[in-house]
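Worksheet: the structure to be examined is printed underneath.
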Amino acid sequence: GENVEQHPSTLSVQEGDSAVIKCTYSDSASNYFPWYKQELGKRPQLIIDIRSNVGEKKDQRIAVTLNKTAKHFSLHITETQPEDSAVYFCAASRKIYNQGGKLIFGQGTELSVKP
Amino acid sequence: EAQVTQNPRYLITVTGKKLTVTCSQNMNHEYMSWYRQDPGLGLRQIYYSMNVEVTDKGDVPEGYKVSRKEKRNFPLILESPSPNQTSLYFCASSINAGVPTDTQYFGPGTRLTVL
């Protein structure tokens, strides 16, 4: 079945360094790739997403890249800050018009930014 | 305020005692979904609904039921809970089931313990 693999499961960086989280997906028809951030005890919240017709997207300190050929996508956080500490989830979805779709999540990456 | 609400937020119950977790959204969203979150497994979809009276299984539907009689409500029913259903449950909604990119808005979560 459809699967999303996420690595690493934990990541510790110094404040100001960059962090990269990588995901691979199995369903070549996937066309939507969101990233969610979940702070401790809170709900997941969308931080950035990318569609399959785009190779890269940036929003201030975060960026996502997509390689459709290799079926992988990555989250890049630059100039990390302590408030970036959270669990990050990647996801992949294939939606067909009027047929809905499933969002398949990766296992999550616990990012710790040390001051 | 636009939001997804869940009740109860915390529940401790015993094996076999039927329970319902309610989910409600006030954003007129078509698509609603239930996930369970377990350590190391990320978020796994239980059931989803594209609109009123339209529901479908996600990846882990066994032991759960849902209904969508009204657009705003999507209750999750555990007819005979078992300890392996101890988990953190999230309801989510998104505006439209028929387009390829939809931000999913998550509820606050329900922590269920089945003894």
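The values are calculated or read from the model by the stated rules, or taken from the named source; none is laboratory data. In this text, all values refer to a predicted model and were calculated from it rather than measured experimentally. Glycine gets a Cβ as well: all are built from the backbone with ideal geometry, and neighbour counts include every protein chain shown. For the accessible areas, the whole protein counts, side chains as well, though only heavy atoms, and no ligand, DNA or RNA atoms are used. Shrake-Rupley method; radii C 1.70, N 1.55, O 1.52, S 1.80 Å.
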Collect the residues in segment A:23-52 that are under 18 Å from B:Thr103 (Cβ atoms) and of a type in the set (S, T, N, Q), keeping them in residue-number order. A:Ser30, A:Asn31, A:Gln38, A:Gln45, A:Ser52
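Here is a yes/no grid of residues against (1) touching a Leu at 6+ places or on another chain (Cβ under 8 Å); (2) of a type in the set (S, T, N, Q); (3) more than 8 Å from every other protein chain (Cβ to nearest Cβ); (4) touching a residue at least 24 places away in the same chain (Cβ under 8 Å):
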residue: B:Glu62; (1), (2), (3), (4): no, no, yes, no
residue: B:Asn73; (1), (2), (3), (4): no, yes, yes, yes
residue: B:Leu76; (1), (2), (3), (4): no, no, yes, yes
residue: B:Tyr89; (1), (2), (3), (4): yes, no, yes, yes
Output the residues belonging to segment A:4-29 that are assigned to a loop (DSSP other than H, G, I, E, B) and more than 14 Å from the chain's Cα centre (by Cα). A:Glu15, A:Gly16, A:Asp17, A:Ser18, A:Ser26, A:Asp27, A:Ser28, A:Ala29
Restricting to segment B:11-27, count the residues that are closer than 14 Å to B:Gln85 by Cα, in a strand (DSSP E or B) and more than 11 Å from the chain's Cα centre (by Cα). 4
Can you say whether A:Gln60 is within 14 Å of chain B (Cβ to nearest Cβ) and either open to solvent by 30 Å² or more (accessible area, probe 1.4 Å) or more than 16 Å from the chain's Cα centre (by Cα) (or both), as far as the supplied structure shows? no
A:Ile77: passes all of (1) under 15 Å from the mean Cα position of the chain (by Cα); (2) surrounded by fewer than 16 Cβ atoms within 10 Å (Cβ to Cβ); (3) farther than 18 Å from A:Val4 by Cβ; (4) of a type outside the set (Asp, Glu) but (2)
Of the listed residues (A:Lys42, A:Lys37), the one being within 14 Å of chain B (Cβ to nearest Cβ), under 30 Å from B:Thr5 (Cα atoms) and open to solvent by 70 Å² or more (accessible area, probe 1.4 Å) is A:Lys42
Hey, A:Ala29 of a type in the set (A, V, I, L, M, F, W, C), touching a residue at least 60 places away in the same chain (Cβ under 8 Å) and surrounded by fewer than 17 Cβ atoms within 10 Å (Cβ to Cβ) or not: yes
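Considering only residues that are among the acidic types (Asp, Glu) and within 13 Å of chain B (Cβ to nearest Cβ), which ones fall in segment A:46-57?
Scanning segment A:46-57 gives a single hit, A:Asp49.
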Taking the criterion of being away from chain B (no Cβ under 11 Å), open to solvent by 50 Å² or more (accessible area, probe 1.4 Å) and either outside any loop (DSSP other than H, G, I, E, B) or touching a residue at least 24 places away in the same chain (Cβ under 8 Å) (or both), would at least one residue in segment A:93-114 satisfy it? yes
Being over 30 Å from A:Ile47 (Cα atoms) and more than 10 Å from the chain's Cα centre (by Cα) is the filter here; which residues of segment B:68-112 pass it? B:Lys69, B:Leu78, B:Glu79, B:Ser80, B:Pro81, B:Ser82, B:Pro83, B:Asn84
Of all residues in segment A:26-43, which are at pLDDT below 95 and not charged (D, E, K, R)? A:Ser26, A:Ser28, A:Ala29, A:Ser30, A:Asn31, A:Tyr32, A:Phe33, A:Pro34, A:Leu40, A:Gly41
Which condition number in (1) touching a Leu at 6+ places or on another chain (Cβ under 8 Å); (2) without any contact (Cβ under 8 Å) to a residue 60 or more places away in the chain; (3) under 23 Å from A:Lys102 (Cβ atoms) is the one that A:Val20 fails? (3)
